[in-house]
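Worksheet: one structure, shown below.
The values are calculated or read from the model by the stated rules, or taken from the named source; none is laboratory data. None of these values were measured; they are calculated from a predicted model. So basically every Cβ, Gly included, is an ideal-geometry build from the backbone, and we count neighbours across all protein chains shown. Note: areas computed on protein heavy atoms with side chains; ligands, DNA, RNA excluded. Shrake-Rupley method; radii C 1.70, N 1.55, O 1.52, S 1.80 Å.
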Amino acid sequence: MNELKRVAAIHDISGFGKCSLTVALPIISAAGIETTVLPTAVLSTHTGGFSGFTYRDLTDDIAPVTRHWQSLGIRFDAIYTGFLGSFEQLELVTRFFETFKTNGNIILVDPVMADNGELYKIFSVEFVRGMKKLCEKADIIVPNLTEAAFLLEETYFPGPYTPEYIEGLLKKLSAFGPRKIVLTGVFFNDEDLGAATYDANTGEVTYAFEKRIPGYYHGTGDVFGSALLSAIMNNFTLNEAASIAVRFTVSAIRKTAAAGTDIRFGVNFEQTIPELLSDLKLLP
Ligand code: PXL
């Protein structure tokens, strides 16, 4: 057997509600990739639609954890960041990148901060600027359309979109650093929803769509990002990885919708993992 590839996943851990680390850890591990976790905060639930949640900030742990892992000589094949709770965490994660970036590994930043045209309540305009600087250091970024608009300081449009508009966004996003962009929440009509990819090295734009399922399901960005990274770590191209991640996310949403689960409770990715492993060609 080969040695496992290893990912450092830097997100919060929301105890209930299936997002961030409670999604990234099982999905990436199931895909045969060792997953090292750096929790940025511990919450009782995520912040989307729940009130009264607890929030234990772990900002003070980030630098000591970075130093300890550095002292152990640990290497990562990818660094995957998601929800970061404060401006200070953006700076600490930048230092983590400087410590662990190599020529061969990849940094994937999901600039979690907004959706449906609105910034999450806990974030400020200053945080958006900081997130933009973090994205400059990434090899791949995975914004949704709202986050793309905030990163580019443009007006958000609710869609449907045109290929010209989407391709314009992709190129402007790559102009400030990341060579590869995966934009989520793309749709040209009311039936299909998916993602667009752009590789600035080849100039290639691709799309991956599945049938839209009505409703806004929480945590799907993290399910998508974790599946995307799992596919990339299993040597699929960006285009293939986006198709696999869209299929996985939509299949998990479909099961959740069929069960009538509260949309705040996250999606049924657990029973969809066999489909992901089949797409990743990991099943015997
Ligand atoms: O899924 C993104 C996310 C992650 N972590 C926390 C969140 C959210 C989105 O609302 O609140 C704590």
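Side notes on the structure shown:
- Per-peptide packing, taken as the mean over residues of other Cβ atoms within 10 Å, places 128-135, 182-189 in the sequence 182-189, 128-135 from highest down.
- Accessible area in square angstrom per residue, the chain, 1.4 angstrom probe: 45 Å²
- Here the average projected area of the convex hull drawn through the C-alpha atoms of segment 214-257 stands at 2.9 nm².
- If you model segment 128-201 as an ellipsoid using its alpha carbon gyration tensor, with each semi-axis the square root of five times an eigenvalue, the axes come out at 20, 13, 10 Å, biggest first.
- Selected from Pro214, Ala200, Thr162, residue furthest toward positive end of dipole (the chain; charges at beta carbon): Ala200
- Accessible area of the chain belonging to carbon and sulfur atoms, whole % at 1.4 Å probe: 53 percent
- Legend: distances between Cα atoms for Lys5/Lys137; Lys172/Lys255; Lys18/Lys281; Lys18/Lys172; pairs beyond 29 Å are Lys172/Lys255; Lys18/Lys172.
- Segment 4-69: Rg to Rh, with Rh as the Kirkwood radius over Cα pairs: 1.02
- The label-point distance for Leu119 and Phe87, in a model that sets each label 7 Å from Cα toward Cβ, rounds to 1.1 nm.
- Between Gly177, Gly48, Gly219, the Gaussian network model of the chain with springs among Cα atoms under 10 angstrom shows the greatest mean-square fluctuation at Gly48.
- With the whole protein complex present, Thr36 retains an accessible surface near 20 Å², based on a 1.4 Å probe.
- P(r), alpha carbons of segment 6-279 - 5 Å bins starting at zero, rounded %: 1, 6, 14, 18, 21, 19, 13, 6, 2, 0, 0
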